[in-house]
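Data first, discussion second: the structure below is written as structure tokens.
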Amino acid sequence: MAWNAYLAEAIGTFLFFFIGIGAGYALVGESGAAVVLLVALAHGLALAVMVSAFGAISGGHFNPAVTFGLWLAGKIDPVKGAAYVVVQLAAAWLAAAVAFYAFSDRAGIDSVMAVPALGDGIDVSKGIVVEAVVTMGLLVAVFGTAVDRRAPKIGGLAIGLALAAGILMAGSVTGGALNPARWFGPALFALDWTNAIVWIVGPLLGAGIVAVVYRVLYLPEAEEQAAAG
């Protein structure tokens, strides 16, 4: 049934973000590279599981940038893609709200903590570039392991690892969102729209670049090989 895909996107996005945001809250008061590593692993492992579990139902997007990239590549209907984005944003807000409720009694917890933020010395333009590039890495994993017919059948593992790698690189620079919904949910809940353009334009730009490259260069080649084989 059609609604099953939307429900899968909602559940997967909620669980993915609740685990990721919750990991940050659980580590409040800690500092150093270990915190970035644990938050990256929480996000990456959660995404790998959700993509593997729901990929056959909805495609396992859980990210407006992924949906946008697949739309540019002609892999999703625009109406369905728009509905996916609405579901993802709503689930992201719910995840932020529930995570804050669960952890709000811990000392030092503030809802703004879950909102990605720019690091010292990083302005908006640099933040956009960083988010775009690390999102390109994520989309390469999506197209290379889930969309391309020649892809190895490894579930969501590579996609989760790509996200974890992106957060390890960008976590202290831009918050390492790689996902407009990961920014939007906490931002809406905290009513904090500081530097919003970074987490909207950056991921969409990165996703768009990869989608166009795959659509023009690699996917036609994959289709030809599939037809010949």
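For the residues Gly208, Gly155, the requirement of being in contact (Cβ under 8 Å) with a residue 60 or more places away in the chain, on the phi > 0 side of the Ramachandran plot, surrounded by fewer than 22 Cβ atoms within 10 Å (Cβ to Cβ) and touching a helix residue (DSSP H, G or I) at 6+ places or on another chain (Cβ under 9 Å) singles out Gly155. Could we say that Pro152 is of a type outside the set (A, V, I, L, M) and closer than 17 Å to Ala42 by Cα here? Here the answer is no, as Pro152 does not meet what is asked. On inspection, Gly69 passes the criterion of being farther than 23 Å from Ile21 by Cα and either more than 16 Å from the chain's Cα centre (by Cα) or touching a residue at least 40 places away in the same chain (Cβ under 8 Å) (or both).
Quick one: in segment 72-131, of everything that is outside any helix (DSSP H, G or I) and among the β-branched types (Val, Ile, Thr), which residue is surrounded by the most Cβ atoms within 10 Å (Cβ to Cβ)? Before you say what the answer is, go through the steps one by one.
First, pick out the residues of segment 72-131 that are outside any helix (DSSP H, G or I): 73-77, 104-110, 115-123.
Subsequent filtering for residues that are among the β-branched types (Val, Ile, Thr) retains 76, 109, 115, 122.
Values: Ile76: 19, Ile109: 18, Val115: 27, Ile122: 18.
The qualifying residue surrounded by the most Cβ atoms within 10 Å (Cβ to Cβ) is Val115.
Here the condition is being out of contact with any strand residue (DSSP E or B) (no Cβ under 7 Å at 6 or more places or on another chain), in a helix (DSSP H, G or I) and touching a residue at least 60 places away in the same chain (Cβ under 8 Å); of Ile21, Ile57, it holds for Ile21 alone.
Residue-wise test of (1) at pLDDT 95 or above; (2) assigned to a helix (DSSP H, G or I); (3) within 23 Å of Gly206 (Cβ to Cβ).
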site: Tyr6; (1), (2), (3): yes, yes, no
site: Ile11; (1), (2), (3): yes, yes, no
site: Val28; (1), (2), (3): no, no, no
site: Val36; (1), (2), (3): no, yes, yes
site: Leu41; (1), (2), (3): yes, yes, yes
site: Leu45; (1), (2), (3): yes, yes, yes
site: Ala48; (1), (2), (3): yes, yes, yes
site: Val51; (1), (2), (3): yes, yes, yes
site: Phe62; (1), (2), (3): yes, no, yes
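The values are calculated or read from the model by the stated rules, or taken from the named source; none is laboratory data. Please read these numbers as outputs of a predicted model, since none were measured by experiment. Neighbour counts run over all protein chains shown; Cβ positions are idealised from the backbone, glycine included.
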